[in-house]
Amino acid sequence: MPITVRDLRAFKERGERFVMLTAYDYPTARILEEAGIPVLLVGDSVGNNALGYETTIPVSMEEMLHHTKAVVRGTRSAMVVGDMPFMSYQASLEDGIRNAGRMLKEGGAQAVKFEGAMSDLAHALVDRGVPVMAHLGLTPQSVHAMGGYRVQGRTEQDAQRLVIEAESMAKAGAFAMVLEGIPSEVARQITESVEVPTIGIGAGPHCDGQVLVITDLLGMSDRRPAKFVKAYANLRQVIGEAVMAFRDDVATGAFPDEAHSYS
Ligand code: KIV
């Protein structure tokens, strides 16, 4: 049975913690699907994790659609959420509606995510049948405005602002919200004050679910990981060793042997 927005709400009601992971391509989507991961986020983090950009800012709508389609092709029952890239929704409500529509219609996603407390946009999308996942706190598309990737909501005033933003996004109809880079206590307060599930990344243990970027979880990145990242594997090393073993086998003539040749 495909996972729906109702299942995520039911997870929260039952107190069942769940995970979301980013995916950018078909083989990863297949693996995550087979592992029973309920929600796959085609994040605009594709920019700095798969496309070689410094930030998520250059990622285009066409790139997001390209990767979303690949992930959707690899998915049977997981919910696929397509991330709205920078300036695909900020310039006008019309832009946001048109591009969110493309994410569902062309990309095949079941829902969209966008950064910031744009409750008018959330309302307009939900009204038109587009499920919305909100994203509050540290919003990477605003890296220049924030003066770097900084933890948000550290002062009492900022924390209260975040709670109000979360409540306004829930009221506008968002079915879930990512809380990124905020103190654990602020995430706890938001999680207790909204009925929809919160999904944390660098937001401590009190959220209803947790999300990590897949390349961070698998230890594939060449960058120093953020404090909140836990790598569950070191694929960078595994892949490096595998390709060097292949190179050495070819150099010594050990590959291809008879078992890997046609007679
Ligand atoms: O783009 C992304 O991967 C995200 C997650 C960090 C939530 O927005």
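The values are calculated or read from the model by the stated rules, or taken from the named source; none is laboratory data. In this text, all values refer to a predicted model and were calculated from it rather than measured experimentally. Cβ sites come from the backbone with ideal geometry, for glycine too, and all protein chains shown count toward neighbours.
It is to be established whether one or more residues within region 50-61 are in contact (Cβ under 8 Å) with a residue 40 or more places away in the chain, in contact with a strand residue (DSSP E or B) (Cβ under 7 Å, 6 or more places away or on another chain) and surrounded by 22 or more Cβ atoms within 10 Å (Cβ to Cβ).
no
Kindly list the number of the only condition in (1) within 15 Å of the ligand (Cβ to nearest atom); (2) surrounded by fewer than 18 Cβ atoms within 10 Å (Cβ to Cβ) that fails for Tyr24. So the condition that Tyr24 fails would be (2).
If the condition is being assigned to a helix (DSSP H, G or I), within 16 Å of the ligand (Cβ to nearest atom) and buried (at least 21 other Cβ atoms within 10 Å of the Cβ), then region 68-97 contributes Thr68, Val71.
Being under 16 Å from the mean Cα position of the chain (by Cα) and in contact (Cβ under 8 Å) with a residue 60 or more places away in the chain: is that true of Ala134 here? Taking the combined requirement at face value, the residue does not satisfy it.
Would you say Gly47 is within 14 Å of the ligand (Cβ to nearest atom), of a type outside the set (Lys, Arg) and either under 26 Å from Leu218 (Cα atoms) or not in a strand (DSSP E or B) (or both)? Judged against the criteria, Gly47 is a match. Total residues in region 1-39 satisfying the condition of being touching a helix residue (DSSP H, G or I) at 6+ places or on another chain (Cβ under 6 Å) and not β-branched (Val, Ile, Thr): the figure is 7.
The rows are residues; the columns are (1) farther than 29 Å from Pro58 by Cβ; (2) in contact with a Gly (Cβ under 7 Å, 6 or more places away or on another chain).
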site: Leu138; (1), (2): no, yes
site: His144; (1), (2): no, no
site: Phe175; (1), (2): no, no
site: Ile190; (1), (2): yes, no
site: Glu195; (1), (2): yes, no
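If you go through region 98-122 and keep only what is more than 15 Å from the ligand (Cβ to nearest atom) and either touching a residue at least 60 places away in the same chain (Cβ under 8 Å) or part of a strand (DSSP E or B) (or both), you end up with just Gln110. Condition check: touching a His at 6+ places or on another chain (Cβ under 9 Å) and surrounded by fewer than 19 Cβ atoms within 10 Å (Cβ to Cβ). Does Glu156 satisfy that? Judged against the criteria, Glu156 is not a match. The set of residues in region 192-214 being buried (at least 23 other Cβ atoms within 10 Å of the Cβ) and polar (S, T, N, Q) consists of Thr198 alone.
If you go through region 63-98 one residue at a time, how many are of a type in the set (S, T, N, Q) and more than 18 Å from Ala172 (Cβ to Cβ)? Counting residues in region 63-98 that are of a type in the set (S, T, N, Q) and more than 18 Å from Ala172 (Cβ to Cβ) gives 4. Among the residues of region 56-67, those that are in contact with a helix residue (DSSP H, G or I) (Cβ under 8 Å, 6 or more places away or on another chain) and in a helix (DSSP H, G or I) comprise Met61, Glu63, Met64, Leu65, His67.
One line per residue, one yes/no per condition, for (1) out of contact with any Ser or Thr (no Cβ under 6 Å at 6 or more places or on another chain); (2) at pLDDT 95 or above:
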residue: Asp208; (1), (2): no, yes
residue: Val211; (1), (2): yes, yes
residue: Leu218; (1), (2): yes, yes
residue: Pro225; (1), (2): yes, no
residue: Lys230; (1), (2): yes, yes
residue: Asn234; (1), (2): yes, yes
residue: Arg247; (1), (2): yes, yes
residue: Gly253; (1), (2): yes, yes
residue: Asp257; (1), (2): yes, yes
